[in-house]
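Shown next, in structure tokens, is the structure this report addresses.
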Amino acid sequence: MSQVPATLFDKVWDSHVVRKIEDGPDVFFIDRHFIHEVTSPVAFLGLEGRGVKVMFPEKTFATADHNTPTINQHLPVQDPLSANQLKALETNSAKYGISHWGLGNPKNGIVHVVGPENGITLPGMTIVCGDSHTSTHGAFGAIAFGIGTSEVEMVLSSQCIMQPKPKKMRINVKGKLGKGVTPKDVTLYIISRLTAAGATGYFVEYAGEVFENMSMEGRMTVCNMSIEMGARGGIIAPDETTFAYINGREKAPQGAAWDKALAYWKTLKTDEGATFDKEYTYDAAEIEPMITYGTNPGMGMGITQHIPSSEEGGGSKASYEKSLQYMGFAEEDSMLGKKVDYVFIGSCTNGRIEDFRAFAAIVKGRKKAEHVTAWIVPGSHIVEQQIKEEGILDILTEAGFQLRQPGCSACLAMNDDKVPAGKYAVSTSNRNFEGRQGPGSRTMLASPLVAAAAAVTGVVTDPRTLMA
Amino acid sequence: MAYDKFTVLTSTAVPMPIENVDTDQIIPARFLKATERKGFGDNLFRDWRYNGDNTPKQDFVLNNPIYSGKILVGGKNFGSGSSREHAAWAIYDYGFRCVVSSFFADIFKNNSLNIGILPVTVSPAFLDKIFTAIEADPKAELTVDLEKQSITIVATGESESFDINSYKKHNLTNGFDDIDYLQAMKGEIAAFAEKSLY
């Protein structure tokens, strides 16, 4: 019997539908649920109000990350509201029997960093979290996306959410990436082509040589940013790179369970002849180190280019001009040489070991520019440990940088890591929205290499000019 | 959490003709520290609405007394960004029951439906007509009829239909939520979980 060719996305989605509602959403089963301190408390209150228990506490994992300090984590959290929120996560987790990696726990870190690095994230899973960058986990061939607090309550109480099945898009990038071009540049390039809303309503599969040759860290960066073009998530077919990454991690299957899982994982790919609602193909040679100049992630360009005019920029002229005015930039400006006040490397987008290796490669033998404030924030304690073991910390210290403690930090600036009004930050995070990194802050999104080049020169600099 | 039933809403509207209104504008992250759902309306559009010294920004639409109502009309790609349901809570808490745009970000749309705000997607041309009508008369009313799935500019009678699936429509009309539905099928979910690989 011949089967209809299916996409990877179809295979995982369809195998998790508990019930189909006519002219309504699917009742969708969730294998792994991550929670953090910010979007979970009201969900737990909801459970209490209804007198309902957590249906499968062993499928939910809690970590504190969004609202945590990145210095002096051994001391009590100063801000009473933040302390209260962290306490609520701890209390709720204990009450319902949910694993909790709070502040100070050696496994603690950003939810989308600790899930994969501990082998909780596996191919073929459905994964949700009250955080839009849950799309990160799609790098493993999982369907992973962000949900709201009402849905967090649904998962806690019934292990399901109600979701209409998204449409399918495939994005192919062919060829080989040039010098100084990283996964972050690939994703900023794609978003600049599709716009910040270009994939809304779709789930994206990334395919082609560039992704096949990419490390798991790089794939996570790409899938992470899927939401920034409006897609619910991104997914990449698992392969030998994926299996090698997972093998041996703490919560990954072992022995006979590993063999069984592996056999299944190898079936997780898009069949020949399967169709997508939309498909785009790009050439890796067209991509250079990227930087954003506006207030949404679609407003990005190659670092040697000039800021597009409002006609070229697309969208409404008024919104485009409002955005450039906020940034203090003008149409046709070059970004090279623009002054940088702050540099942030970290976040669920670029807070993994490979990102710090890249940063250190540029920084090595140079000094931090005097006027630049740099926040170097590992994605987890495990990453922090790697930074120390690999000698990266020595390079950073020698160059005048300090390493902070793990957390979301200046990506969303819920804690004290805020960029002051009017100041410019080159940031490896995911959003350049107005005030995202602090009221009035101006964010330029870029790769760890571009961030490092800015940190040592004090201005926007093409990292290729600093590479051997 | 229970919410008010949505049937027919006739109201003046607040115009916000800006594209890509993201969730960090709707409710900045520093106001997400609460552990209860209350008071978010005070910080709706905080940094567009208030100066650094907490004085109101006079040119922002929510501070302009000629505009009011239970309907917020936004530009394309409204609600992009974060999954924070706090954005929808802030809009609801401020007093809006319906948001109209030519295009919504997915998660924001889901969150709105889940808490009883009706997101109405109209064509770009109809959105322009709404903005024009409000510009001509800030007291111009819109009627949003969920049963008929239509939105009408009362003064001109111009109308357009909008999409919503019948499941969500039923929920909003009756004030039901998804959790009630899921609780009623827990046996089926438990049986499904038995066969799950993970």
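The values are calculated or read from the model by the stated rules, or taken from the named source; none is laboratory data. Not measured: the values here are computed from a predicted model. Glycine also receives a Cβ, built like all others from the backbone with ideal geometry; neighbour counts cover every protein chain displayed.
Does A:SER132 fit the bill of being of a type in the set (Ser, Thr, Tyr), within 14 Å of another protein chain (Cβ to nearest Cβ), surrounded by fewer than 24 Cβ atoms within 10 Å (Cβ to Cβ) and in contact (Cβ under 8 Å) with a residue 40 or more places away in the chain?
So A:SER132 does not fit the description; no.
Out of the residues in segment A:35-59 meeting the condition of being touching a Leu at 6+ places or on another chain (Cβ under 8 Å) and farther than 23 Å from B:ALA34 by Cβ, tell me which one is nearest to the other protein chains (Cβ to nearest Cβ).
Once the filter is applied, the top-ranked residue is A:MET55.
Restricting the first residue to segment A:1-29 and requiring it to be assigned to a loop (DSSP other than H, G, I, E, B), which pairs with a second residue that is of a type in the set (A, V, I, L, M) and modelled with pLDDT under 95 meet a Cβ separation below 9 Å and a spacing of at least six or different chains?
A:SER15/B:LEU197
Restricting to segment A:156-190, and then to whatever is farther than 30 Å from A:LEU466 by Cβ and polar (S, T, N, Q), can you tell me which residue is surrounded by the fewest Cβ atoms within 10 Å (Cβ to Cβ)?
Here the residue is A:ASN172.
If B:ASP145 satisfies all but one of (1) in contact (Cβ under 8 Å) with a residue 24 or more places away in the chain; (2) farther than 20 Å from B:VAL21 by Cβ; (3) buried (at least 20 other Cβ atoms within 10 Å of the Cβ), what's the number of the condition it fails?
Single failed check for B:ASP145: (3).
Give me the residue from segment B:29-50 that is in a loop (DSSP other than H, G, I, E, B) and more than 18 Å from the chain's Cα centre (by Cα) and, out of that set, surrounded by the fewest Cβ atoms within 10 Å (Cβ to Cβ). Even if it seems obvious, please write down each step before you answer.
Initial filter on segment B:29-50 (in a loop (DSSP other than H, G, I, E, B)): B:32-39, B:44-45.
After this cut, where a residue has to be more than 18 Å from the chain's Cα centre (by Cα) as well, the list is B:32-36.
Working: B:LEU32: 22, B:LYS33: 19, B:ALA34: 17, B:THR35: 18, B:GLU36: 9.
Among residues in segment B:29-50 that are in a loop (DSSP other than H, G, I, E, B) and more than 18 Å from the chain's Cα centre (by Cα), the one surrounded by the fewest Cβ atoms within 10 Å (Cβ to Cβ) is B:GLU36.
In this structure, is B:SER196 within 14 Å of chain A (Cβ to nearest Cβ) and assigned to a helix (DSSP H, G or I)? Spell out the reasoning first.
Working: within 14 Å of chain A (Cβ to nearest Cβ): yes; assigned to a helix (DSSP H, G or I): no.
No; evaluated as a whole, the condition is false for this residue.
Which condition does B:ASP53 not pass, out of (1) over 19 Å from A:SER132 (Cβ atoms); (2) assigned to a helix (DSSP H, G or I); (3) free of Cβ contacts under 8 Å to residues at least 60 places away in the same chain, if it passes all the others?
(2)
Looking for whichever is away from chain B (no Cβ under 14 Å) and closer than 30 Å to A:GLU22 by Cβ here; the options are A:ARG170, A:ARG219, A:ARG193. Which one fits? Steps first, please.
Details: A:ARG219 fails: closer than 30 Å to A:GLU22 by Cβ; A:ARG193 fails: closer than 30 Å to A:GLU22 by Cβ.
Being away from chain B (no Cβ under 14 Å) and closer than 30 Å to A:GLU22 by Cβ holds for just one of A:ARG170, A:ARG219, A:ARG193, which is A:ARG170.
Within segment A:133-179, which residues are more than 18 Å from B:ASP106 (Cα to Cα), part of a helix (DSSP H, G or I) and charged (D, E, K, R)?
Across segment A:133-179, the qualifying residue is only A:GLU153.
Would you point out which residue out of A:GLY298, A:GLY315 is of a type outside the set (Val, Ile, Thr) and either closer than 30 Å to A:ASN108 by Cβ or under 21 Å from the mean Cα position of the chain (by Cα) (or both)? Steps first, please.
Numbers: A:GLY315 fails: either closer than 30 Å to A:ASN108 by Cβ or under 21 Å from the mean Cα position of the chain (by Cα) (or both).
The conditions single out A:GLY298.
Sort out which residues of segment A:424-437 are in contact (Cβ under 8 Å) with a residue 12 or more places away in the chain and either in contact with a Gly (Cβ under 6 Å, 6 or more places away or on another chain) or at the interface with chain B (Cβ under 9 Å from one of its Cβ atoms) (or both), and write them in order of number.
As a first pass, look at segment A:424-437 and keep what is in contact (Cβ under 8 Å) with a residue 12 or more places away in the chain: A:424-434, A:436-437.
Matches in segment A:424-437: A:ARG431, A:PHE433, A:GLU434, A:ARG436.
Filter segment B:56-82 down to residues that are free of Cβ contacts under 8 Å to residues at least 40 places away in the same chain and within 14 Å of another protein chain (Cβ to nearest Cβ) and give me whichever is nearest to the chain's Cα centre (by Cα). Break it down into steps so the answer makes sense when it comes.
Filtering segment B:56-82 for residues free of Cβ contacts under 8 Å to residues at least 40 places away in the same chain gives B:56-60, B:63-65.
Keeping just the survivors that are within 14 Å of another protein chain (Cβ to nearest Cβ) gives B:57, B:59-60.
Values: B:LYS57: 23, B:ASP59: 22, B:PHE60: 19 Å.
Only one residue tops the list, namely B:PHE60.
Would you please list the contacts, defined by Cβ atoms under 6 Å and residues six or more apart or on different chains, that run from a residue in segment A:80-104 that is loosely packed, with under 15 Cβ neighbours inside 10 Å to a residue that is assigned to a helix (DSSP H, G or I)?
Partner pairs satisfying both residue conditions: A:GLY97/A:PRO57.
Given the residues A:ASP131, A:ASP79, which is the only one that is more than 25 Å from A:THR221 (Cβ to Cβ) and of a type in the set (Asp, Glu)? Full working, then the answer.
Numbers: A:ASP131 fails: more than 25 Å from A:THR221 (Cβ to Cβ).
Of the residues listed, the single one that is more than 25 Å from A:THR221 (Cβ to Cβ) and of a type in the set (Asp, Glu) is A:ASP79.
Quick one: is B:SER68 surrounded by fewer than 17 Cβ atoms within 10 Å (Cβ to Cβ) and assigned to a loop (DSSP other than H, G, I, E, B)? Please lay out each step first, then the result.
Numbers: surrounded by fewer than 17 Cβ atoms within 10 Å (Cβ to Cβ): yes; assigned to a loop (DSSP other than H, G, I, E, B): yes.
So B:SER68 passes the test.
Could you grab the pairs with beta carbons closer than 8 Å, sequence gap of 6+ or different chains, first residue in segment B:14-32 and within 7 Å of chain A (Cβ to nearest Cβ) and of a type in the set (Val, Ile, Thr), second one surrounded by fewer than 24 Cβ atoms within 10 Å (Cβ to Cβ) and in a helix (DSSP H, G or I)?
The qualifying pairs are B:ILE18/A:ALA318; B:ILE18/A:SER319; B:ILE18/A:LYS322.
Take segment A:406-423 and flag every residue that is over 21 Å from A:PHE356 (Cβ atoms), more than 9 Å from chain B (Cβ to nearest Cβ) and either among the basic types (Lys, Arg) or not in a loop (DSSP other than H, G, I, E, B) (or both).
Of everything in segment A:406-423, just one residue is over 21 Å from A:PHE356 (Cβ atoms), more than 9 Å from chain B (Cβ to nearest Cβ) and either among the basic types (Lys, Arg) or not in a loop (DSSP other than H, G, I, E, B) (or both), namely A:LYS423.
What are the residues in segment A:424-468 that are small (Gly, Ala, Ser) and closer than 22 Å to A:ARG352 by Cα, if any? Full working, then the answer.
From segment A:424-468, those small (Gly, Ala, Ser) are A:425, A:427, A:429, A:435, A:438, A:440-441, A:446-447, A:451-455, A:458, A:468; that's our starting set.
A:ALA425, A:SER427, A:SER429, A:ALA446, A:SER447, A:ALA451, A:ALA452, A:ALA453, A:ALA454, A:ALA455, listed by residue number.
Under 7 Å by Cβ, and 6 or more places apart or on different chains, what pairs join a residue from segment B:92-103 that is within 14 Å of chain A (Cβ to nearest Cβ) with one that is among the charged types (D, E, K, R)?
Close Cβ pairs satisfying both conditions: B:SER101/B:LYS76; B:SER102/B:LYS76; B:PHE103/B:LYS76.
Condition check: within 30 Å of B:ARG49 (Cα to Cα), within 11 Å of chain A (Cβ to nearest Cβ) and surrounded by 14 or more Cβ atoms within 10 Å (Cβ to Cβ). Does B:ASN171 satisfy that?
Numbers: within 30 Å of B:ARG49 (Cα to Cα): no; within 11 Å of chain A (Cβ to nearest Cβ): yes; surrounded by 14 or more Cβ atoms within 10 Å (Cβ to Cβ): yes.
In short, no.
Which number in (1) within 14 Å of chain B (Cβ to nearest Cβ); (2) in contact with a helix residue (DSSP H, G or I) (Cβ under 7 Å, 6 or more places away or on another chain) marks the one condition that A:THR241 misses?
Of the numbered conditions (1) within 14 Å of chain B (Cβ to nearest Cβ); (2) in contact with a helix residue (DSSP H, G or I) (Cβ under 7 Å, 6 or more places away or on another chain), the odd one out for A:THR241 is (1).
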